[in-house]
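All remarks here apply to the structure that follows.
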Number of protein chains: 2
Amino acid sequence: MELHFLGTGSAFPSPKRSSSCTALRHDKGVWLFDCGEGSQIQLQKSTLKPGRIKKIFITHLHGDHLFGLPGLMCTIGQNGAAVLKPHIDLYGPIGLRNFICMSLTLSYSNLPYTFSVHEVMIPSYEEFHSTNHVDKYDPEFWNKLKNLSKIELPLHPNEIAATKIYTNQQNIFEICYDDDLTVLAGVLQHTVPCIGYVIQEDNIPGTLNVKLLKDIGITPGPVYGQIKSGKGVTLPCGKIVNPQDYIGEERKGRKLVILGDTYDSTGMLDIAMNADVLVQESTNENADQEKSIQHGHSTAGMAGEFASKIFAQKLILTHFSQRYRSLDYEIAEETVDVLVKQAKETFSHTVIAAEDLLVVPVPLAAR
Amino acid sequence: MELHFLGTGSAFPSPKRSSSCTALRHDKGVWLFDCGEGSQIQLQKSTLKPGRIKKIFITHLHGDHLFGLPGLMCTIGQNGAAVLKPHIDLYGPIGLRNFICMSLTLSYSNLPYTFSVHEVMIPSYEEFHSTNHVDKYDPEFWNKLKNLSKIELPLHPNEIAATKIYTNQQNIFEICYDDDLTVLAGVLQHTVPCIGYVIQEDNIPGTLNVKLLKDIGITPGPVYGQIKSGKGVTLPCGKIVNPQDYIGEERKGRKLVILGDTYDSTGMLDIAMNADVLVQESTNENADQEKSIQHGHSTAGMAGEFASKIFAQKLILTHFSQRYRSLDYEIAEETVDVLVKQAKETFSHTVIAAEDLLVVPVPLAAR
């Protein structure tokens, strides 16, 4: 498992930091989290293959997390490039489907694969427009937007209908289970409806201790499969083989938490607990906390605090204001180093500042 | 006047060539022609100021000419950057409005300026789906698309309604007149409805010959304005000043032709005549002409031919297949040099291959 940071800038893409896009590469494919403008260009610069993308998760519908999606979908499989699976699943807040369908339809896009949009029904959606605390959106503006976004578009020719995803009784969205990974989502507080994702890998069964089996005279064959599946086996000599004695310890699956933009992530506290990796936006430094919250964003200190609360093993900061330079810039005080230091004040484990095209491996925990 | 080539690649953006976007910088602002994904990033790399953009013209709705538009519109004027005029006019084929309104609405975009979308009613639009000659779009696919794209969305909160533009009796679209520039459009043959634009500058009045006026004793004052405006003036001594004797020759305004994707541009022959500059796509080389036409595109030879037919002074090739390297690449045979040479076989004046961020001045014709 690896995390590939394709875009790490906030608000708009720049030549230094592209818009939000984080890829999770695992054994069975590539999953994207957010897809800001330029993500398909970043993908070309990375070692990832567009044809391996199977799922795309969107945290919220702000343009810097969304506007790269139609272009990316058109380019996947273009010029006969191999597509891993001829179907792509998209997940994201209600409205995502209309955006995708309208964009792909009006651009006459005929895709070499099918797609489904699984819309997440954030409960506060209807009330969001009135409770929103950022004054630049006046109620009249919101009402006009709301009317426009309620249109239900018919299916795009390449689209397969999907059901909407509602919260369960614990206010959690059960997003999907695929490729041995369970995905949950929880609501984040931002200026617009927003969610964060939790990716929980299944535990990995222990491996068969072939040496021990050979020592007692059992040679490779169908019996190995029986033992591995946990069935007791009686040998011709009458000896009963207890599978547990020959199977190594089960290993704990990895847990990743990838948040959308937020000034308050307490809604995800329970499902994010004990993450191996937390990816959290850290748009601003602590001194700008008031302004940051007004715009719905976290500071480095807030990210560190949340990482501590959920007992994360590693915190990766991303979605930086374009004013922060990368670590190799000559004046350290103008780089994301400032943010890493502030996050470390509230979180005692590893803190990493993402850079465009940075790859962070996510290994299994040490035994 | 300068042409800034922000994106010169076809089909999809790459790290080497961004998607289609050509900017015309003139005394009174910046006009964009097409806006593929990544155009706002290219704009940041250029010397152009996003806040000076006043008009955006779209040739057709394929993603590589369109998908950068919502992001660009969101970024213009962000962070309080100065906006030249708090209104932007967009022009393009019918469907453009739904794309923009849906994208800006679902992304909760509140702009610091107003905008209008002037949709161009290409007459063949309704029949396009059946007469389209590229077999990858089957009739059923087209019908589904058509149903989806017919929805009329209400106004976005920042939008000011605009009337649709229909052809005049000569099958020409009179797009706009502003900043001393008249814009016309004509229909191009492509796989989807597509237009090309003609930009005709007003003739530039001759300047006042101040030296001559001083020689006959007329000193600077309101009388200069009278003479410049062509009015005869009687001096206190009784002498009648004939304005024509003191005003230099009127200079011919420049004419630019910027085409969209096309395999046949004869529909624009009349309005494109005597262009100072023709910007035409040249996706492929002559050897690929059959395939190129099937996909609705021009070869270098076809571009040269059209330039000759309209008696253009200069041909700028753009929208290259991503396989053509830039001129500085070590193997000349793999660069756009191939295309320049082929265009020169059918056009005897200057041929230039565009590159991302290339700036081509468009001077007034020599006297």
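The values are calculated or read from the model by the stated rules, or taken from the named source; none is laboratory data. On a predicted model such as this, the values are computed, not experimentally measured, just so you know. Reconstructed Cβ throughout: ideal geometry from the backbone, glycine too, with neighbour counts over all protein chains shown. The area values use the complete protein model at the heavy-atom level, side chains included, leaving out ligands, DNA and RNA. Shrake-Rupley method; radii C 1.70, N 1.55, O 1.52, S 1.80 Å.
Quick notes on this structure:
- In segment B:229-367, taking the dipole from charged Cβ atoms about the Cα centre, the farthest positive-side position among B:Ala275, B:Leu357, B:Val338 is held by B:Ala275.
- Solvent-accessible area of the protein assembly as shown (1.4 angstrom probe, protein heavy atoms only): carbon and sulfur portion equals 51 percent.
- Nm distances between copies for A:Pro363, ranked from closest, using label points 7 Å along Cα→Cβ: 6.5
- Rounded tilt (10° steps) of A:96-106 against the dominant C-alpha axis of chain A: 70
- 23 Å Cα-Cα threshold exceeded, pairs from A:Lys45/B:Lys291; B:Lys55/B:Lys144; A:Lys314/A:Lys341; A:Lys54/B:Lys144; A:Lys211/A:Lys239; A:Lys291/B:Lys54: A:Lys45/B:Lys291; B:Lys55/B:Lys144; A:Lys54/B:Lys144; A:Lys291/B:Lys54
- Its DSSP H runs of at least 4 residues, each contributing -39,500 (n - 2.57), put the calculated 222 nm mean residue ellipticity of the protein assembly as shown at -6000 deg cm²/dmol, to the nearest 500.
- Between identical copies, the spacing of A:Phe141 label points, each set 7 Å from Cα toward the C-beta atom, reads 4.0 nm from nearest to farthest.
- Gaussian network model of chain B, Cα within-10 Å springs - most flexible of B:Lys314, B:Lys255, B:Lys211: B:Lys211
- Simple Cβ-charge dipole of chain A, Lys/Arg +1 and Asp/Glu -1, about Cα centre, in debye nearest 20: 1360
- Identity and axial distance of the chain A residue whose Cβ lies nearest the axis relating A to B, Å: A:Met102, 2
- Relative to the other identical copies, B:Gly225 shows label-point distances of 9.7 nm, where the label point lies 7 Å from Cα along the Cβ direction and values run shortest first.
- Helix A:300-309 axis, angle to chain A major axis (alpha carbon atoms, nearest 10°): 40
- For the options B:Ile58, B:Ile240, B:Ile160, a Gaussian network treatment of chain B with springs between C-alpha atoms closer than 10 Å singles out B:Ile240 as fluctuating the most.
- Of all DSSP beta bridges in chain B, antiparallel share, percent nearest 5: 55
- Total charge dipole magnitude, the protein assembly as shown, about the Cα centre, Cβ charges on Lys, Arg, Asp, Glu only, Debye to nearest 20: 380
- Overall form of the protein assembly as shown: prolate. Here a/c, set by the Cα gyration tensor axes a ≥ b ≥ c, is 1.5 or more, and a/b is the larger of a/b and b/c.
- For chain B, the orientation-averaged shadow of the C-alpha convex hull comes to 22.1 nm² (one quarter of the hull surface).
- Remark: segment A:147-263 carries a charge dipole of roughly 440 debye about the Cα centre, counting +1 on each Lys and Arg Cβ and -1 on each Asp and Glu Cβ.
- Karplus (6.51, -1.76, 1.60) ³J(HN,Hα), θ = phi - 60°, over segment B:112-122, in Hz, Gly and Pro reported as x: x, 7, 9, 9, 10, 10, 9, 7, 9, 8, 4
- Average accessible surface for the protein assembly as shown: 41 Å² per residue, computed with a 1.4 Å probe over protein heavy atoms with every protein chain in place.
- Taking 20 °C and 1.002 mPa s as conditions, segment B:2-67 diffuses translationally at an estimated 186 µm²/s according to Stokes-Einstein applied to its Kirkwood radius (Cα pairs).
- Mean Cβ neighbour count within 10 Å, used as a protection proxy, ranking A:229-237, B:176-184, A:103-111, B:65-73 highest first: B:65-73, A:103-111, B:176-184, A:229-237
- Per-residue Karplus couplings for segment B:27-35, computed as 6.51 cos²θ - 1.76 cosθ + 1.60 with θ equal to phi - 60°, are listed in order as 3, 10, x, 10, 10, 9, 10, 6, 7 Hz, Gly and Pro entered as x.
- For segment A:217-361: rounded, prolate or oblate by the Cα gyration tensor [a/c cutoff 1.5]: prolate
- Nonlocal amide H pairs with B:Arg251, under 5 Å, H built at 1.01 Å: B:Ile204, B:Gly206
- Part-to-part distance (alpha-carbon centres) for segment A:194-219 and segment A:3-18, which is given in Å: 37
- Chain A: angle of helix A:139-149 to the longest principal axis, Cα-based, in degrees nearest 10: 50
- Residues whose amide H lies under 5 Å from that of B:His87, counting only those 5 or more places away or on a different chain, are B:Thr114; hydrogens are built 1.01 Å from N in the peptide plane.
- Share, in percent, of DSSP beta bridges within the protein assembly as shown that are antiparallel, nearest 5: 55
- Cα shape, segment A:289-367, gyration tensor, a/c 1.5 rule: oblate
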